[in-house]
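So the structure is just underneath, and the comments pick up after that.
The values are calculated or read from the model by the stated rules, or taken from the named source; none is laboratory data. This is a predicted model, so every value here is computed, not measured. Reconstructed Cβ throughout: ideal geometry from the backbone, glycine too, with neighbour counts over all protein chains shown.
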Amino acid sequence: SSGFSPPSGSRYDSGSAGGSGRAEQVEISLVIPVYDEEENLPVLHAEIAEHVGGMGVSWEVIYVDDRSKDRSFEVLLQLREEDPHVRIVRFRRNFGQTPAMSAGFEHSRGRVVVTLDADLQNDPKDIPALVAKLREGYDIVVGWRKNRQDGLMLRKVPSRIANRMIARISGATVHDTGCTLKAFRRELIANLAIYGEQHRFLPVLSLASGARIAEMVVNHRPRIHGVSKYGIGRAARVALDLLTMKMLSSFAKGPLPYFTMLSLPFVAIPILYFAIGFLGPESLSFSTRWAQAMIVTLGLTSMAGVYFILLGLLAELVVKLNMRSDRPMSSRHLSVRKAALSAGPAPV
Ligand code: UDP
Ligand code: MG
């Protein structure tokens, strides 16, 4: 998989998204990224049909085939044949879980969007309660795998650290932001462009628009069929996403970006020396070797000062661009979170 995503639309095989008429009103859309899950899909869909079908509301499930190498796509076609609730989006190549989710959002029509994994680790039985919680007046309900069935050192410990860091950056204490099982009000995610491994930061990212977030303990099961695609590469990308989020938030906090502040002595000291040299006593003549050496040194330091100013401006620019974009990863936005979190449920 790759973090690079071309403009949406070109990612799909034409005509692979299917299903019933666009205008239809849908209450719940499930969005499920699929990569090599042929054995899990029939079981998963049966569970979904039972638990979501049993809710008595209109629903659809969008399976996003992230260009599986196994027979997942054929299995999905079969499921769509049997159940009109099924819609399929298929990528031209493997893009990764986050772009798959994003594509699913684009194609979803429900007022509520629920995301989950295709590998049966998330339990569709939890969906009705998750949606009920959302209806209490939250914008996002995040699953909390209190009893997570994944490796300790490779998965649980790093994710614990990541969750702590996110809490530090955003102030929002979401215990398990990496849990894919989440329910969203569609307004909240409709315009959020996500890439890299950012799907797990959706709650924090949407604090920008003042999201009210709730957590709910959910069931987590071990993976029985197929293998986890989570490796060291994906872990590194998560770390990078976190780091840039951290950098942007600290840049935005200061009165000036750090580099500009650093430049001050480099710029001020040469100016001071220059002033003394001209206005000071006659004995400080420019003709001494000391003074000549000093002029060269100060010339170099003031150049460093100029570089620092430029870096500071660059940092400022990055922060500003970031805030103009629809991917608001900055503390200016994050700082609304406390109000948002303490506000509690809103009237529906
Ligand atoms: N997935 C995907 N594209 C990828 C890797 C994974 O769509 O390149 C899907 C996968 O089929 C599953 C979900 O994303 O539904 C989570 O993947 P996985 O179980 O491998 O990750 P883990 O649960 O171990 O974090
Ligand atoms: Mg999994």
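A few points about this structure:
- Taking the criterion of being of a type in the set (Asp, Glu) and within 16 Å of ligand 2 (Cβ to nearest atom), the residues of the stretch 101-150 that qualify are ASP117, ASP119, ASP123, ASP126, ASP150.
- In the stretch 110-122, the residue that is nearest to ligand 1 (Cβ to nearest atom) out of those that are of a type in the set (A, V, I, L, M) and outside any loop (DSSP other than H, G, I, E, B) is VAL114.
- Wholly enclosed helices (runs of 4 or more DSSP H) of the stretch 123-242 bearing at least 1 residues hydrophobic (A, V, I, L, M, F, W, C) and farther than 28 Å from ASN94 by Cα: 127-135, 157-170
- Selection within the stretch 46-71 - away from ligand 1 (no atom under 13 Å from the Cβ) and not aliphatic (A, V, I, L, M): GLU47, GLU50, HIS51, GLY53, GLY54, GLY56, SER58, TRP59, GLU60, ARG71
- Consider the stretch 180-219 and keep the residues that are within 16 Å of ligand 2 (Cβ to nearest atom) and at pLDDT 95 or above. The one that is surrounded by the most Cβ atoms within 10 Å (Cβ to Cβ) is LYS182.
- Criterion (in contact with a helix residue (DSSP H, G or I) (Cβ under 7 Å, 6 or more places away or on another chain), closer than 28 Å to LEU243 by Cβ and touching a residue at least 12 places away in the same chain (Cβ under 8 Å)) met by exactly one of GLY171, GLY110: GLY171
- Residue list for the stretch 243-257, filter: touching a helix residue (DSSP H, G or I) at 6+ places or on another chain (Cβ under 7 Å) and either in a helix (DSSP H, G or I) or at pLDDT 75 or above (or both): MET245, LYS246, LEU248, SER249, PHE251, ALA252, LYS253
- Yes/no for ALA103 being within 13 Å of ligand 1 (Cβ to nearest atom) and modelled with pLDDT of 95 or more: no
- The stretch 90-105 residues that are charged (D, E, K, R), paired with ones that are more than 10 Å from ligand 1 (Cβ to nearest atom) (beta carbon under 7 Å, 6 or more apart): ARG90/TYR12; ARG90/ASP13; ARG90/SER16; ARG90/PHE73; ARG92/ARG11; ARG92/TYR12; ARG92/ASP13
- Checked against the criterion of being closer than 17 Å to THR115 by Cα and either under 22 Å from the mean Cα position of the chain (by Cα) or surrounded by fewer than 22 Cβ atoms within 10 Å (Cβ to Cβ) (or both), the candidates PRO42, PRO33 yield just one match: PRO33.
- Single residue of the stretch 60-109 satisfying the filter (under 20 Å from the mean Cα position of the chain (by Cα) and part of a loop (DSSP other than H, G, I, E, B)) that is surrounded by the fewest Cβ atoms within 10 Å (Cβ to Cβ): ASN94
- Of the residues making up the stretch 167-194, those that are out of contact with any Lys or Arg (no Cβ under 8 Å at 6 or more places or on another chain) and farther than 16 Å from LEU130 by Cβ are ALA167, ARG168, THR173, GLU187, ALA190, ASN191.
- Taken together, ALA46, ALA118 contain a single residue that is of a type in the set (Gly, Ala, Ser) and touching a Pro at 6+ places or on another chain (Cβ under 8 Å), which is ALA118.
- When SER8, SER20, SER16, SER1 are screened for being in contact with a Phe, Trp or Tyr (Cβ under 8 Å, 6 or more places away or on another chain) and either within 16 Å of ligand 2 (Cβ to nearest atom) or at pLDDT below 55 (or both), only SER1 passes.
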